[in-house]
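First up is the structure itself, then whatever we jot down about it.
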Amino acid sequence: STREEARKDIFEVLCHIFVGFHKDLLHAIINFLDDVEQILLCALEVFELLRQKLQANIQFFQNHCQGDAWGKSQTAIQTYFVAGNQALRSAAKKAQEAGFAVKPIVYPTVPKGQERIRITLHATSQERDMLTLIQTLNEHA
């Protein structure tokens with residue numbers, strides 16, 4: 001009957017639209033995943049460059065720290081030892097006033113006589129700033 005044929009025609013049209021829609025959706029998803037893959041690969045490259053820069057900054061910092069007051073860490077966390085909580089806080093305050101985000105680690109957090117300033121290096125740390133911090137702390141000693 002004509003009605004049956006019309007239903008069949010409508011069904012075929014709907015199937016074609018549905019399949020076509022899914023093909024377009026599938027292509028869009030594949031393109032999206034390709035884009036995500038490229039973004040992740042770029043991010044990995046950036047992270048590797050930042051890791052290398054941080055390692056270079058650690059080496060630079062260590063190469064310019066002279067004296068027994070400087071810790072010998074090969075990590076981004078560096079230390080400058082100042083015995084006594086009051087002297088430590090004074091040295092940390094001087095560095096903070098010079099614009100450096102350092103943190104005094106006082107007794108009883110660490111053993112008496114081993115108080116220290118905690119310095120955190122970053123991949124974005126600038127050599128001139130590291131030298132200024134080293135000079136600022138050395139002048140306080």
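Can you tell me which of Ala95, Ala83 is part of a helix (DSSP H, G or I) and of a type outside the set (D, E, K, R)?
Every option except Ala95 fails the conditions.
In the range 86-122, what residues are open to solvent by 20 Å² or more (accessible area, probe 1.4 Å), among the aliphatic types (A, V, I, L, M) and in contact with a helix residue (DSSP H, G or I) (Cβ under 7 Å, 6 or more places away or on another chain)?
Scanning the range 86-122 gives Ala98, Val106.
Name the pairs: first residue in the range 61-79 and farther than 16 Å from Gly113 by Cβ and among the aliphatic types (A, V, I, L, M), second residue open to solvent by 30 Å² or more (accessible area, probe 1.4 Å) and in a loop (DSSP other than H, G, I, E, B), Cβ to Cβ under 8 Å, at least 6 apart or on different chains?
Listed pairs, sorted by first residue: Ala76/His122.
The values are calculated or read from the model by the stated rules, or taken from the named source; none is laboratory data. Please read these numbers as outputs of a predicted model, since none were measured by experiment. Every residue, glycine as well, gets a Cβ built from its backbone with ideal geometry; the counts of neighbours run over all protein chains shown. Side chains included, ligands, DNA and RNA excluded: accessible areas come from the protein's heavy atoms. Shrake-Rupley method; radii C 1.70, N 1.55, O 1.52, S 1.80 Å.
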